[in-house]
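First the structure, in the form of structure tokens, and then the observations on it.
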Amino acid sequence: MRKIFATSLLLASTSLSTFANASECGSVTIADMNWNSATLIANIDRFILEHGFDCDAELVPGDTMPTGTAMIEKGQPDIAPEFWSNSMKSALDQGVKDGRIRYAGVTLSDGGEEGFWVPAYMVEKDPSLATIAGIKANAKLFEHPEDPSKSAFMGCPAGWNCQISTSQLFEAMDLAASGFDLIDPGSGAGLSGSIAKAYEREEAWFGYYWAPTAVLGKYNMVKVDFGTGIDEKHFKACITQNDCLTPKTTMYPPSAVDSVVTEAFAARAPEVMAYLAARSFKNAQMNELLAWMEDQQADGEYSVEHFITNYEDTWSQWVDSATAKKIKKAVSAL
């Protein structure tokens, strides 16, 4: 009788232990940032955490500075899936040092990408146009929309951070001496629209853009090689500073894009932490996904089904086989 009772206690204990392990994740808040790649990743994380790890996951509105500050000072939200960490690097690093937050993984394995670009069809005709020397030598190809005596370089919209770096590099490369005029597109829509218009007509285009974006998913563009490599120290000290009077040419360094979590969440959900450490996207893949979202006018929640269904080779590498089966079963029930 004692043996049976002891065995019953052991089974009950094992059952409770298993239940406790399964519910470790508990309630999870995930920052849904206000741009498409971030909202897509937030929705992917919510779906995988809910159906793969049995979390009670909820999306909450987010943006870079307020989300980072709230995580450090208030311990919420639990996860920021796409954090461009250079934007508040000092504060984040101090938060890590103070045991409040943790970098959980690299969200974009290529980092955020910036540069000067030309359409691929131009480079196919003349490979030299993939270099700044080739661009300068063929400046007349890039017709100015208002002044036929000048060549057009499409810069970053006024008021954006990239306006400073674009202007400084324009000066460092002395593009004005080659006949270029730095054009303000007026808005992000104006800048992307100028690429779309050039592509539709197979016209010349030269200017600033960044990835991951739907635009670079739709239109095959080539990043121009400045021939200098990356001088990250000079880029931060001068190219990003409006008052620096001695800019030198350097390629844009990649921007770190990380998954950031609170330390309290990291401590209670090691299996989710393993997932976040493995979960990463290439820019080319994210460009493709963003282009699909734009074409379909799909929001992040709707796009999850497309991602889970069509990118199994990607996400199945982030989880074990048992978890993958649970995720596939959930998406098949949608």
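General remarks:
- Residues in the stretch 48-65 that are assigned to a helix (DSSP H, G or I) and touching a strand residue (DSSP E or B) at 6+ places or on another chain (Cβ under 8 Å) were compared, and the one that is most open to solvent (accessible area, probe 1.4 Å) is Glu50.
- Test result for Ser192, within 28 Å of Phe281 (Cβ to Cβ) and assigned to a helix (DSSP H, G or I): yes
- Whenever a residue of the stretch 123-143 is part of a strand (DSSP E or B), its partners that are of a type in the set (Val, Ile, Thr), lying with C-beta atoms within less than 9 angstrom and at least six residues away or across chains, give the pairs Thr131/Val224.
- Close pairs from the stretch 46-65: first more than 18 Å from Glu271 (Cα to Cα) and without any contact (Cβ under 8 Å) to a residue 60 or more places away in the chain, partner buried (at least 19 other Cβ atoms within 10 Å of the Cβ) and basic (Lys, Arg), Cβ under 7 Å, at least 6 apart: Leu59/Arg46
- So Ser316, is it closer than 24 Å to Ala31 by Cβ and either in contact (Cβ under 8 Å) with a residue 60 or more places away in the chain or of a type outside the set (A, V, I, L, M) (or both): no
- Some residue of the stretch 171-184 being β-branched (Val, Ile, Thr) and part of a loop (DSSP other than H, G, I, E, B): no
- Tallying residues that are under 29 Å from Asp243 (Cβ atoms), among the hydrophobic types (A, V, I, L, M, F, W, C) and open to solvent by 70 Å² or more (accessible area, probe 1.4 Å) within the stretch 134-178 yields 2.
- Residue check, Leu40 assigned to a helix (DSSP H, G or I), in contact with a strand residue (DSSP E or B) (Cβ under 6 Å, 6 or more places away or on another chain) and either under 27 Å from Ala266 (Cβ atoms) or aliphatic (A, V, I, L, M) (or both): no
- Count - residues of the stretch 85-119 that are in contact (Cβ under 8 Å) with a residue 40 or more places away in the chain, part of a helix (DSSP H, G or I), touching a helix residue (DSSP H, G or I) at 6+ places or on another chain (Cβ under 8 Å) and open to solvent by 10 Å² or more (accessible area, probe 1.4 Å): 0
- Which numbered condition Leu334 fails, given (1) modelled with pLDDT of 95 or more; (2) part of a loop (DSSP other than H, G, I, E, B): (1)
The values are calculated or read from the model by the stated rules, or taken from the named source; none is laboratory data. No experiment lies behind these values; they were computed from the predicted model shown. Positions of Cβ are generated from backbone atoms using ideal geometry, with glycine treated the same way; all protein chains shown enter the neighbour counts. To get the accessible areas, we keep the full protein, side chains included, count just its heavy atoms, and leave off ligands, DNA and RNA. Shrake-Rupley method; radii C 1.70, N 1.55, O 1.52, S 1.80 Å.
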